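The values are calculated or read from the model by the stated rules, or taken from the named source; none is laboratory data. On a predicted model such as this, the values are computed, not experimentally measured, just so you know. Cβ atoms come from the backbone with ideal geometry, glycine included; neighbour counts cover every protein chain shown. In case anyone asks, the SASA skips ligands and DNA or RNA and just uses the protein heavy atoms, side chains included. Shrake-Rupley method; radii C 1.70, N 1.55, O 1.52, S 1.80 Å.
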Amino acid sequence: VQLQASGGGLVQAGGSLRLPCAASGRTFSSYAMGWFRQAPGKEREFVAAISWSGSSTYYSDFVKGRFTISRDNAKNTVYLQMNSLKLEDTAVYYCAQGAANTPSSVVASKLRSWGQGTQVTVSS
């Protein structure tokens, strides 16, 4: 599957952005999906994951309560809704497809495919 993330940009602290990630191919609805991010000078880190059906989600502690992951299998798209953005959320955000249908595969970085990143910059 090929993944195309978009929706990044410049936003003020406290603002919101929604990142869509569109997938090609027939396997999208069979696997968990997730989001990662990488800030300058830091390692890539897990942000959020969602099961194949959308019924189960998992978040890192630093986004819990602020970010929401969702998916629309009819549109082959996964979303990351980011609210109450903080300066430390500045990073390149990547979507990824898990190697299984549960979020745990994404959390464990057992992945089938990565998308290209989209830059999110939060300003004061």
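Model label sites at SER16 and SER84, defined 7 Å from Cα along the beta-carbon direction, differ in position by 1.3 nm. Note on the chain: helix-only mean residue ellipticity at 222 nm, from DSSP H runs of 4+ residues weighted -39500 (n - 2.57) and normalised by residue number, equals -1000 deg cm²/dmol.
For the chain, the alpha carbon convex hull comes to 86 Å³ per residue, rounded to a whole number. Only protein atoms count toward the accessible area here, which uses a 1.4 Å probe; on the chain, the carbon and sulfur part of that area reaches 47 percent. Heavy-atom accessible area for THR118, with the other protein chains in place and a 1.4 Å probe, reaches approximately 20 Å². Within a straight-line Cα-Cα reach of under 28 Å, LYS42 can be paired with the following lysines, leaving aside sequence neighbours fewer than 8 residues apart in one chain: LYS64, LYS86, LYS110. Applying both filters, DSSP loop and at most 12 other Cβ atoms within 10 Å, to the trypsin sites (Lys or Arg not before Pro) of segment 1-40 gives ARG26.
For segment 14-116, the list of GluC sites (Glu not before Pro) that fall in a loop by DSSP and count at most 13 other C-beta atoms within 10 angstrom reads GLU43. A 1.4 Å probe run over the chain, with the rest of the protein chains in place, finds 49 Å² accessible per residue.
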